[in-house]
Amino acid sequence: MELIWWPVVADSTSTAKIAPFIKQFPDRLVNVGIAEQSMVGMAAGLALGGKVAVTCNAAPFLISRANEQIKVDVCYNNTNVKLFGLNAGASYGPLASTHHAIDDLAVMRGFGNIEIYAPSSPRECRQIIDYALQHQGPVYIRLDGKALPELYAENYRFVPGAVNTLREGHDLALVATGSTVHEIVEAAQTLAESGIQAQVVSVPSIRPCDTPALLAALKGCNAVITVEEHNVNGGLGSLVAEVMAEAGIGIPLKRLGIPDGEYAAAADRGWMRQHHGFDAQAIIALAKTMC
């Protein structure tokens, strides 16, 4: 059966890059103007009417301005709405905190019924989107604003709950989600030259998360470092800490990202990651102190 979905945007057709869709299906676009609350509310209404509704908007505005509508209209009512958070993290760089989404994972993890994903490569992204459109229920996809290099071979198959080990090691585990997976891949390559073998773990599926698979990925490692372009509270680092604590794993854990109580620096993204201590070089330096 043909999948028919309806994009609902808040004057964000350019950001969402859906011009080809609009050209082919002009009658299926709903553009509410710069009104994120209306965008999410109308998407929920379309879903209640039996349609697959997809919202595409910059993550900071989608999550903050439409918070109540996401919580109530989408999550509480378990409506079939797909929320695409574009330019997530600090993708907007110098545009500063008004345009940064460094708390979206924490916010979405606080809501029920919704699945949460953060792809780290083009192939993974396509497969997550394909899955989300077929899935019956709310989904939030955290999309980076920059093109990311491919990490996976053609035979890669995304599975909800996925925990992907990209490199095996036993000295410590480097765990990341979204674009920061590339930082830990680079860090692990350099650490190997110093004789430190890092387990490289990508977590594209924040919810659901295959807890046994995550624990298996950490097994045998002497320490864990999590890395995310997000506040260290409430996102991947918190997820890993919760899983480790509940399983009684007592090895050292360090969470890297935007530090507690701070905002992402309004700057070039590479400089920002260096400034806040979660670029590849910072990961390497920290790892050497933990091994």
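FYI, it's all coordinate maths here, none of it is from the lab. On a predicted model such as this, the values are computed, not experimentally measured, just so you know. We place every Cβ from the backbone using ideal geometry, glycine too, and count neighbours over all the protein chains shown.
Can you check what the Kirkwood hydrodynamic radius comes to for the chain, Cα pairs only, in Å to one decimal? Hydrodynamic radius (Kirkwood, Cα pairs) of the chain is 19.3 Å.
Can you tell me which of 201-210, 42-51, 23-32, 10-19 comes out highest on packing, and rank the rest after it, using the mean Cβ neighbours within 10 Å?
Per-residue mean Cβ counts within 10 Å order the peptides as 201-210, 42-51, 10-19, 23-32.
Taking F158, F21, F61 as the candidate residues, the one with maximal mean-square fluctuation in a Gaussian network model of the chain, Cα springs under 10 Å, is F21. Rounded to the nearest 20, the Cβ-based charge dipole of the chain about its Cα centre (Lys and Arg +1, Asp and Glu -1) stands at 320 debye. What is the stretch 5-142 by shape, rounded, prolate or oblate, if you read a ≥ b ≥ c off the alpha carbon gyration tensor as root eigenvalues and call it rounded for a/c under 1.5, prolate for a/b larger than b/c, and oblate otherwise? It is rounded, given that a/c, with a ≥ b ≥ c, falls under 1.5.
Going by the alpha-carbon gyration tensor, a ≥ b ≥ c the square roots of its eigenvalues, is the stretch 164-290 rounded (a/c under 1.5) or, if a/c is not under 1.5, prolate (a/b greater than b/c) versus oblate? Write out the running numbers ahead of the final one.
Values: a/c = 1.69, a/b = 1.18, b/c = 1.44.
Cα axes put the stretch 164-290 in the oblate bin.
Evaluated with a Cβ-only charge set (Lys, Arg +1; Asp, Glu -1), the stretch 229-291 carries a dipole of roughly 220 debye about its Cα centre, given to the nearest 20. The label-point distance for T289 and E242, in a model that sets each label 7 Å from Cα toward Cβ, rounds to 2.8 nm.
Which of the trypsin sites (Lys or Arg not before Pro) found in the stretch 116-162 are in a DSSP loop and have at most 13 neighbouring Cβ atoms, other than their own, within 10 Å? Those that pass, being in a loop and sparsely packed, are K146, R157. Here the sum of -39500 (n - 2.57) over DSSP H runs of 4 or more residues, divided by the residues of the chain, equals -10000 deg cm²/dmol at 222 nm, to the nearest 500. Placing +1 on the Cβ of every Lys and Arg and -1 on the Cβ of every Asp and Glu, with no other charges, gives the stretch 77-157 a dipole of roughly 60 debye about its Cα centre. For the chain, build the charge dipole from Cβ charges (+1 Lys, Arg; -1 Asp, Glu) around the Cα centre, then report which of I251, I128, V175 sits farthest towards its positive end. The residue sitting farthest along the positive end of the dipole is I128. Applying 1/(1 + (r/R0)^6) with r as the Cβ-Cβ distance of T13 and Y156 and R0 = 25 angstrom yields a FRET efficiency of 0.25. Listed cross-link partners K17/K254; K82/K254; K23/K51; K23/K82; K71/K146 are compared with a 30 Å cut-off, the Cα-Cα value being larger for K17/K254; K82/K254.
For the stretch 133-212, a/c is not less than 1.5, where a ≥ b ≥ c are the root eigenvalues of the C-alpha gyration tensor, and a/b tops b/c. That puts it in the prolate class.
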